[in-house]
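> First, the structure itself, so that you have it in front of you.
The values are calculated or read from the model by the stated rules, or taken from the named source; none is laboratory data. Since this is a predicted model, take the numbers as computed values, not measurements. Here Cβ is always computed from backbone atoms with ideal geometry, including for glycine, and neighbour counts include all displayed protein chains.
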Ligand code: C5P
């Protein structure tokens, strides 16, 4: 039997970053939204663990590690360890989420692998246990299980669903060269040596209210990404790219998470498609259109 699970990319509508703790992690106050770019993860029983990756569309998968450091493989091993089992699986990752783009594609793979293997072996892991295993794998993995729109605290792993009555349309503009998340956080520390902010005290109440009303104008005016300065400092040419995207996008433009993917919020599906066409015309090679919020990791095929 094979089981395929689909998991979404995320964007951070708000990303407030505080002073790093002793573990080196930065306390966050963030609002996540799952958007309709997906990785599919297909699992089947095997004698030994192994993982492969293939692109879905125009995605460069050459930097995805296929050794023990692969996050989907680590997810599989963590799940069997949690249940005290000695099982192995083959994991195929079909990537539709740009790699190292600030869209949490690796986290999507981990979340998808957890759900797929739980179903393959009928482990019936509780939601709380799945979220706890996910949090050990990476800060964004619990949100990839949850999907929708959610508030994130801790280092991003403590997630609570938010009411979101809107549906929003995004243009998503990846860059050829990914950015390393730890490198962007290090640059953030270098740029803010005297930061005293406790991120949990800066709750994004305006943005949460905007989602509850489903009001894209209020959303546009309350979006914020504290990592943008650090990503632009490492990649100054991104500022020009963002300005170009803004020229062809009717609402707010910002970086996704640690970047370098650029997000443009548009007013409608039609506007997003027109914006994409204009950006392609202007010389951008790859521009995705995505809607959010969408579901977290979910089964799409049993075969
Ligand atoms: O949790 P995850 O493995 O995705 O994080 C990757 C790296 O990003 C961490 O090792 C850390 O350097 C940095 N990070 C951080 N603060 C966070 C989340 C991630 O410093 N809240």
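> Look at residue 102 and say whether it is within 13 Å of the ligand (Cβ to nearest atom), on the phi > 0 side of the Ramachandran plot and in contact with a strand residue (DSSP E or B) (Cβ under 7 Å, 6 or more places away or on another chain).
Yes, satisfied.
> Every residue in the stretch 179-204 that is farther than 28 Å from residue 105 by Cβ and in contact with a helix residue (DSSP H, G or I) (Cβ under 9 Å, 6 or more places away or on another chain), please.
Hit for the stretch 179-204 is 195, nothing else.
> Within the stretch 195-220, count every residue that is away from the ligand (no atom under 16 Å from the Cβ) and either surrounded by 13 or more Cβ atoms within 10 Å (Cβ to Cβ) or under 16 Å from residue 164 (Cβ atoms) (or both).
So the answer is 17.
> Let me ask you something else. From the list 155, 151, 192, which one is within 13 Å of the ligand (Cβ to nearest atom) and under 23 Å from residue 296 (Cβ atoms)?
Just a single option satisfies the conditions, and that option is 155.
> If you don't mind, there's one more thing I want to ask. Inspect the stretch 1-11 for any residue being crowded, with 24+ Cβ neighbours inside 10 Å, away from the ligand (no atom under 16 Å from the Cβ), at pLDDT 95 or above and closer than 20 Å to residue 203 by Cα and give the result as yes or no.
no
> Take the conditions more than 14 Å from the ligand (Cβ to nearest atom) and touching a helix residue (DSSP H, G or I) at 6+ places or on another chain (Cβ under 6 Å) and apply them to residue 176. Does it pass?
Judged against the criteria, residue 176 is not a match.
> Also: Which one of these is more than 16 Å from the ligand (Cβ to nearest atom) and part of a helix (DSSP H, G or I): 111, 134, 116?
Sole residue among the options that is more than 16 Å from the ligand (Cβ to nearest atom) and part of a helix (DSSP H, G or I): 116.
> In the list 96, 18, 90, 84, which residue meets the criterion of being at positive phi, surrounded by fewer than 24 Cβ atoms within 10 Å (Cβ to Cβ) and either over 17 Å from the mean Cα position of the chain (by Cα) or away from the ligand (no atom under 14 Å from the Cβ) (or both)? Walk me through it before giving the result.
On the way: 96 fails: at positive phi; 18 fails: at positive phi; 90 fails: at positive phi.
Answer to the check: 84.
> Any residue at all in the stretch 42-51 that is within 16 Å of the ligand (Cβ to nearest atom), touching a residue at least 40 places away in the same chain (Cβ under 8 Å) and part of a strand (DSSP E or B)?
No, the stretch 42-51 has no match at all.
> Select from the stretch 222-231 the residues that are in a helix (DSSP H, G or I) and either at pLDDT below 95 or surrounded by 18 or more Cβ atoms within 10 Å (Cβ to Cβ) (or both) and list them in ascending order.
222, 228, 230, 231
> Tally up the residues in the stretch 27-70 that are surrounded by 22 or more Cβ atoms within 10 Å (Cβ to Cβ) and either closer than 23 Å to residue 207 by Cβ or in contact with a helix residue (DSSP H, G or I) (Cβ under 7 Å, 6 or more places away or on another chain) (or both), please.
Total satisfying the criteria: 13.
> Mind checking whether some residue in the stretch 161-172 is within 15 Å of the ligand (Cβ to nearest atom), in a strand (DSSP E or B), in contact with a strand residue (DSSP E or B) (Cβ under 6 Å, 6 or more places away or on another chain) and farther than 30 Å from residue 286 by Cβ? Before you say what the answer is, go through the steps one by one.
To start, the set of residues in the stretch 161-172 that are within 15 Å of the ligand (Cβ to nearest atom) comprises none.
The answer is no; no qualifying residue exists.
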